[in-house]
Amino acid sequence: MNDDIAFIEEQVDRHHDWFSKSLPMIASENVISPLAREMLLSDFGDRYAEGLPGERYYQGNVFVDEVERRVVALAEKLYRCRHADVRPISGTVANLAVYYALLEPGDIMTSVALSHGAHISSAKFGAAGMRAVNNVNYPFDIDRMNIDVDGTAKLLRDVRPKVAAFGQSVFLFPTPLKDLRDAFQEAGCSVWYDGAHVMGLIAGGQFQDPLREGADVITGSTHKTLPGPQHGILLSDSADEKFVKRLQKGVFPGVVSNHHLHAMAALGITLAEHLEFGRDYAAQIVKNAKALGGALASRGFTVLAEKHGFTESHALAVDVASLGGGAAVSLAFEKANIITNKNLLPWDTSSVKPSGVRVGTQELTRLGMREVQMAEVAELMARVAIKKEAPERVAADVAELRKDFSTVHFCFQSGVEAHKRLRLFG
Ligand SMILES: *Cc1c(COP(=O)(O)O)cnc(C)c1O
């Protein structure tokens with residue numbers, strides 16, 4: 001066998017082996033179901049489609065069109081909206097489509113600041129900068145880990161943005177959209193909700209329902225709390241056909257050519273499974289996050305927003321400045337096979353040496369863990385970061401805990417057959 005191929009295969013095998021013994025707690029990740037994973041290997045991944053079903057620029061899309069129409073219908077049903085676009089190939093690309101559709105260079109957009117949990121795509125040196133929008137940040141209430149409602153209403157009235165953008169990557173509490181409705185009206189702005197992290201919670205009836213609370217458009221990733229393929233989605237319930245056309249054109253020809261048809265098909269499986277299992281899954285994710293927050297705090301961790309119940313989502317922000325900082329602690333966790341990431345907290349200035357660690361419960365929940373296991377997870381984390389036990393020793397107990405949680409739940413086929421066929425998870 002070719003050495004390079006053997007090398008790459010071996011690394012991937014080792015990765016699978018490692019992750020099968022680990023606690024995956026990155027708040028933006030998840031595992032897809034066996035049935036959805038099969039779609040990723042289908043011939044759809046070798047083909048091209050551009051434009052909309054029935055109006056393509058390539059031949060060969062007969063069945064692709066059938067699938068895409070069904071995936072769109074599933075998304076519109078799950079999110080109760082008039083318009084779903086399943087072509088953005090990631091959350092960032094869905095965001096670029098909105099920039100393209102709704103903003104012109106020099107226009108004012110309001111958004112959450114990076115240090116307050118916003119995503120890089122809303123920053124000047126990210127996607128927002130590519131459209132050269134003039135970005136103004138909301139005031140933030142650190143205690144509540146949320147935008148300050150009164151200050152934000154005033155800001156919207158003062159700067160009258162073209163677009164008011166919301167949504168975060170450290171997204172602990174629902175955005176108070178309903179309280180800002182009058183301000184949106186007075187500012188005459190479009191309201192854009194980036195729900196990348198919480199798409200699965202929204203679809204499962206948790207967190208909030210942005211389209212009913214004033215959002216004109218939602219963008220999101222389909223692989224965070226929505227446990228689908230790495231892909232993006234754009235939703236709107238607008239009855240204004242011109243507005244919807246602008247969004248559609250923002251996606252194609254704006255920022256997408258071929259839209260990764262295998263991922264689009266896999267997303268359809270995920271949406272169908274979420275219609276069936278999403279309510280239970282989303283509810284358990286949030287219960288687990290609250291339980292983990294409590295269990296970490298009771299073991300001496302400083303978990304943000306303790307007074308407000310730590311979180312209403314899948315995510316927690318933990319201040320580990322006194323334990324060595326986010327970089328050192330997340331590295332120690334990794335040595336114990338607890339996979340997290342260092343994260344900026346609101347008062348941080350350095351993204352290389354931030355004082356926080358961000359964790360999410362969506363993937364552990366997907367693997368079948370519940371509140372009791374959250375206490376065990378918190379204890380393992382405390383042994384590494386607080387008791388400073390050798391991470392390698394803790395890793396053995398991490399693997400022990402993980403042994404009983406090796407299959408994907410909240411989907412039609414929770415067995416391991418499809419995974420075995422794909423040489424995943426042993
Ligand atoms: C993750 C994230 C994105 C980007 O998603 P990708 O699918 O990784 O491109 C956009 N916005 C927010 C708020 C996110 O957290």
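The values are calculated or read from the model by the stated rules, or taken from the named source; none is laboratory data. Only a predicted model underlies this, so the values are computations on that prediction, with no experimental measurement involved. No Cβ is skipped: glycine too gets one built from the backbone with ideal geometry, and neighbour counts run over all protein chains shown.
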Handout entry: segment 194-242: number of residues that are among the aliphatic types (A, V, I, L, M) and within 19 Å of Phe277 (Cβ to Cβ)
Key = 7
Exercise for the section: Kindly provide the set of residues from segment 170-201 that are within 13 Å of the ligand (Cβ to nearest atom) and touching a Gly at 6+ places or on another chain (Cβ under 6 Å), ordered by number. Expected result: Val170, Tyr193, Asp194, Gly195, Ala196, Met199
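Results for (1) more than 16 Å from the ligand (Cβ to nearest atom); (2) surrounded by fewer than 22 Cβ atoms within 10 Å (Cβ to Cβ), shown as yes or no for each residue.
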residue: Pro210; (1), (2): no, no
residue: Gly220; (1), (2): no, no
residue: Gly228; (1), (2): no, no
residue: Asp237; (1), (2): yes, yes
residue: Phe252; (1), (2): yes, yes
residue: Ala265; (1), (2): yes, no
residue: Thr270; (1), (2): no, no
residue: Leu275; (1), (2): yes, yes
residue: Asp280; (1), (2): yes, yes
Fill in the blank from the handout: Within segment 116-167, residues part of a loop (DSSP other than H, G, I, E, B), without any contact (Cβ under 8 Å) to a residue 40 or more places away in the chain and touching an Asp or Glu at 6+ places or on another chain (Cβ under 6 Å) come out as Val133, Pro139, Asp148
Completion exercise
Among Gly324, Gly294, Gly309, the single one that is without any contact (Cβ under 8 Å) to a residue 60 or more places away in the chain and out of contact with any strand residue (DSSP E or B) (no Cβ under 9 Å at 6 or more places or on another chain) is Gly309
Handout entry: Candidates Arg37, Arg47, Arg56, Arg69, filtered to the one that is within 30 Å of Met381 (Cβ to Cβ) and either out of contact with any Gly (no Cβ under 8 Å at 6 or more places or on another chain) or surrounded by fewer than 21 Cβ atoms within 10 Å (Cβ to Cβ) (or both)
Key = Arg37
Problem - Check on Asp148, in contact with a Pro (Cβ under 7 Å, 6 or more places away or on another chain), within 21 Å of Ser313 (Cβ to Cβ) and among the charged types (D, E, K, R) - result: yes
Practice task
Considering (1) more than 16 Å from the ligand (Cβ to nearest atom); (2) surrounded by 23 or more Cβ atoms within 10 Å (Cβ to Cβ), say which one Lys245 fails and leave the rest.
Solution key: (2)
Practice task
Would you please name the residue that is nearest to Val244 (Cα to Cα), looking only at residues in segment 86-126 that are near the ligand (Cβ under 9 Å from one of its atoms) and of a type in the set (Gly, Ala, Ser)?
Solution key: Ala94
Handout entry: Contacts under 6 angstrom Cβ, first residue in segment 201-226 being touching a residue at least 24 places away in the same chain (Cβ under 8 Å), partner of a type in the set (Lys, Arg) and away from the ligand (no atom under 14 Å from the Cβ), 6 or more apart
Key = Gly204/Arg279; Gly205/Arg279; Glu213/Lys178; Gly214/Arg181
Practice task
Mind listing whichever residues of segment 50-81 are at positive phi and assigned to a helix (DSSP H, G or I)?
Solution key: none
Practice task
With the condition kept exactly as written, say whether any residue in segment 403-422 is modelled with pLDDT of 95 or more, part of a helix (DSSP H, G or I) and either out of contact with any Asp or Glu (no Cβ under 7 Å at 6 or more places or on another chain) or within 22 Å of Ala36 (Cβ to Cβ) (or both).
Solution key: no
Problem - Selected residue (only one of Asp194, Asp150, Asp179 is surrounded by fewer than 21 Cβ atoms within 10 Å (Cβ to Cβ), touching a helix residue (DSSP H, G or I) at 6+ places or on another chain (Cβ under 8 Å) and among the charged types (D, E, K, R)) - result: Asp179
